[in-house]
Every structure is written in structure tokens, then in C-alpha cells.
Amino acid sequence: MSTYNFHGGVSGPANFGDHGRIEINNGTDPAAVLALADRLVERLRGEHPALAADAEVIQGELVRAGRDGRAADRGRIRAALETIGIGVAAGSGSLALAQELGRALGL
């Protein structure tokens, strides 16, 4: 018989182990998500112009998905958010916006 040791809390159905999280993002307002993307583009243009293109990728994908009536390409958005996260300073407003956008999209 096997024994499994969990050193963290058990929170929610079938969410066992260390630092487990359950996030439900049903009904996230597309306009609010697009507004976050707009803020991220503007912030990066001022703080890190080289990363503004990655934010524009996110913004463009959200706009195209809304226009075409399809789901946004999560992989494309995730890759851009990761690039931004690596390139900005910890504790910066840009990083906070990127993280907030990721949470809103459930990434």
C-alpha cells in the first residue's frame, strides 16, 4: 500500500498537494480584459518600449477574437505574457498588469 504525504492544504475537489489553487474565471467581461490589455500596452510603451510589441500581440489577439466571435489563442497570449514577465522588473506596474491580465484570462 502506498502512502502519500501532502505538506500543503487540500483545497477543493481533487486539488491535492502543495500550493494547489482553483481559479474560476467564468464570465470574465471581454471589455474589461481588453481594457487591461490596453493599459498594459500604454504602460509598456512608457516603461519598456521593447516589450510593447508583445503587449500589442495580446491586444490584437483579443480584438481579433472578439471580432471573429471565437476564443482567443491562449497559447499566443501566454507566450507574450511570459516574455513580458521575464523582461519587466519585479514589483513594477507592468508586471502587476501582466499578472492581472493572466488571471483574468485564467492562464
Completion exercise
Restricted to the stretch 88-106 and to residues being more than 8 Å from the chain's Cα centre (by Cα) and not polar (S, T, N, Q), the residue nearest to Glu56 (Cα to Cα) is Leu97
Fill in the blank from the handout: By residue number, the members of the stretch 44-84 that are small (Gly, Ala, Ser) and farther than 12 Å from Pro30 by Cα are Gly46, Ala50, Ala52, Ala53, Ala55, Gly60, Gly75, Ala79, Ala80
Practice task
Give Thr28, Thr83 a once-over and let me know the one that is at pLDDT 90 or above, closer than 14 Å to Leu107 by Cβ and in contact with a helix residue (DSSP H, G or I) (Cβ under 7 Å, 6 or more places away or on another chain).
Solution key: Thr83
Practice task
Scan the stretch 85-99 for residues that are open to solvent by 80 Å² or more (accessible area, probe 1.4 Å) and within 20 Å of Thr28 (Cβ to Cβ) and jot them down.
Solution key: Gln99
Exercise for the section: Test Gly46 against the criterion of being at positive phi and at pLDDT 85 or above, and give yes or no. Expected result: no
Practice task
Determine whether Gly69 is modelled with pLDDT of 85 or more and on the phi > 0 side of the Ramachandran plot.
Solution key: yes
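The values are calculated or read from the model by the stated rules, or taken from the named source; none is laboratory data. Since the structure is predicted, the reported quantities are computational estimates derived from the model, not experimental observations. Positions of Cβ are generated from backbone atoms using ideal geometry, with glycine treated the same way; all protein chains shown enter the neighbour counts. Each accessible area value is taken on the protein alone, full model and side chains, heavy atoms only, with ligands, DNA and RNA left out. Shrake-Rupley method; radii C 1.70, N 1.55, O 1.52, S 1.80 Å.
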